[in-house]
1. Say whether the condition of being under 19 Å from Ser17 (Cβ atoms) and in a helix (DSSP H, G or I) is met by at least one residue in the range 42-53.
2. So in the range 34-43, with the set limited to residues that are over 9 Å from Val68 (Cβ atoms) and touching a helix residue (DSSP H, G or I) at 6+ places or on another chain (Cβ under 9 Å), which one is least open to solvent (accessible area, probe 1.4 Å)?
3. Can you tell me how many residues within the range 129-139 are part of a helix (DSSP H, G or I) and small (Gly, Ala, Ser)?
4. From the list Phe71, Phe133, Phe115, Phe97, pick out the single residue that is out of contact with any strand residue (DSSP E or B) (no Cβ under 8 Å at 6 or more places or on another chain), closer than 17 Å to Leu27 by Cβ and open to solvent by 60 Å² or more (accessible area, probe 1.4 Å).
Amino acid sequence: SPPSPSTEANPSTMARSTLMSVLLVVLGILLPPLAVFVDEPKINDEFFISILLTICGWLPGIIHAFWVIFFGGKGQLKMMDVLILVCCILLPPLGVFLKQQKITIDFLVALILCFLFWFPAIIFAIVVAFFGFSCSKAVSSVQGK
């Protein structure tokens, strides 16, 4: 029997959770206590520990926020998504390859952007890996008009 609508994956919900994952990582770097609060919207011991560690040193606050976001709280990000995000930042073509599991035009664009400009390559890799953009889809939609 076909799957019921309630059990099918909703792409808009998946996109929101991925967007939320990326935002939590960025918040975890910029404002660790806020990331902990957004992940678990209540003032509890994790929140106060995050504030204390951030005051003592920024890096311990970031490490604690990532620990809460990745291994605790309600978010429970997938470790593969975290690995892909780190690869998108450090080596954008590798992030694109890990997400698509093959060498595509997106991989080649990320590689060329790395040689030209690093930051646009990072943005491109994150958009391809987490928001479903693809150069081949864009070209085919333009040719179809």
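1. no
2. Here the answer is Val38.
3. Count: 3.
4. Answer to the selection: Phe71.
The values are calculated or read from the model by the stated rules, or taken from the named source; none is laboratory data. For clarity, every value in this text was computed on a predicted model and none was experimentally measured. A quick note on method: Cβ atoms are made from the backbone with ideal geometry, for glycine too, and the neighbour counts reach across all protein chains shown. In case anyone asks, the SASA skips ligands and DNA or RNA and just uses the protein heavy atoms, side chains included. Shrake-Rupley method; radii C 1.70, N 1.55, O 1.52, S 1.80 Å.
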